[in-house]
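Here is the structure we will look at.
The values are calculated or read from the model by the stated rules, or taken from the named source; none is laboratory data. Note that the structure is predicted; figures quoted are calculated from it, not measured. Positions of Cβ are backbone-derived with ideal geometry, glycine not excepted, and every protein chain shown enters the neighbour counts.
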Amino acid sequence: MTTEVSAPAPAVAFSGLLRPLEILDRVIAMIEAFIMTAGILIMAASSVANVIGRFVFGQSLYFAEELNQFLIIIVTFAGIGFAARHGRHIRMSAIYDALSQGLRKALMIVIALVTAAAMFILAWYSYQYVVSVYETGRISPVTRMPIFVTLVWLPLGFVITGIQYVLTAIANLTRPDVYLSVSVVDTYEDSETQV
């Protein structure tokens, strides 16, 4: 008895007039990857150095907790765009899965556009929040960094995620398959059992 699993079909790149969208997506992907990688590595190094300092030298790094809090915000809001780009967002797909491919494509376009609109609205509200924090002049107690600097990542993360959903809608409008994201084709890995 053997089981074969079909691999998902590779995504088709944007072409023609939509080529700048492909370039935009790749640039955003590189920036997100750098931010997430650097953020996680700095958090890990800070945490390890703090533990070593506390148990070996009897002195913690005074800024480690605050730095890690800031980095968690950055990694989280860079990560939502990353999740959208790779189709790793949470989906409730019972009704969606029962539809024909044409209806799934139409529903995916609607879902992508509504989600993009929600992300842009959240970006607007988070931008207003960042401005209000800036106007208060609040600074962090340990590093003495202005609080708004760490919160700038909120609207940026929402805007990048909104862009990803707009690109998903465009991919579904211009390509034959159904796309969960600009680069992830919606496929089911059907297993075939042969005796």
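Quick notes on this one:
- Candidates 128, 59, filtered to the one that is more than 30 Å from residue 182 (Cβ to Cβ) and without any contact (Cβ under 8 Å) to a residue 12 or more places away in the chain: 59
- Residue in segment 56-71 that is nearest to the chain's Cα centre (by Cα), counting only those that are aliphatic (A, V, I, L, M) and closer than 13 Å to residue 45 by Cα: 71
- Some residue of segment 89-110 being surrounded by fewer than 18 Cβ atoms within 10 Å (Cβ to Cβ) and on the phi > 0 side of the Ramachandran plot: no
- Of all the criteria given as (1) over 26 Å from residue 48 (Cα atoms); (2) without any contact (Cβ under 8 Å) to a residue 60 or more places away in the chain; (3) surrounded by fewer than 17 Cβ atoms within 10 Å (Cβ to Cβ), the one not satisfied by residue 72 is (1).
- Qualifying residue in segment 173-194 (condition: closer than 21 Å to residue 24 by Cα, modelled with pLDDT of 90 or more, of a type in the set (Val, Ile, Thr) and within 18 Å of the chain's Cα centre (by Cα)): no
- Test: residue in segment 135-142 that is under 18 Å from residue 77 (Cβ atoms), in contact with a strand residue (DSSP E or B) (Cβ under 9 Å, 6 or more places away or on another chain), assigned to a loop (DSSP other than H, G, I, E, B) and of a type outside the set (A, V, I, L, M): yes
- Candidates 146, 155: the one that is under 29 Å from residue 70 (Cα atoms), under 16 Å from the mean Cα position of the chain (by Cα) and at pLDDT 90 or above is 155.
- Comparison of 93, 100, 60 shows that the only residue that is touching a Lys or Arg at 6+ places or on another chain (Cβ under 8 Å) and at pLDDT below 90 is 60.
- Boolean, residue 115 is β-branched (Val, Ile, Thr) and surrounded by fewer than 17 Cβ atoms within 10 Å (Cβ to Cβ): no
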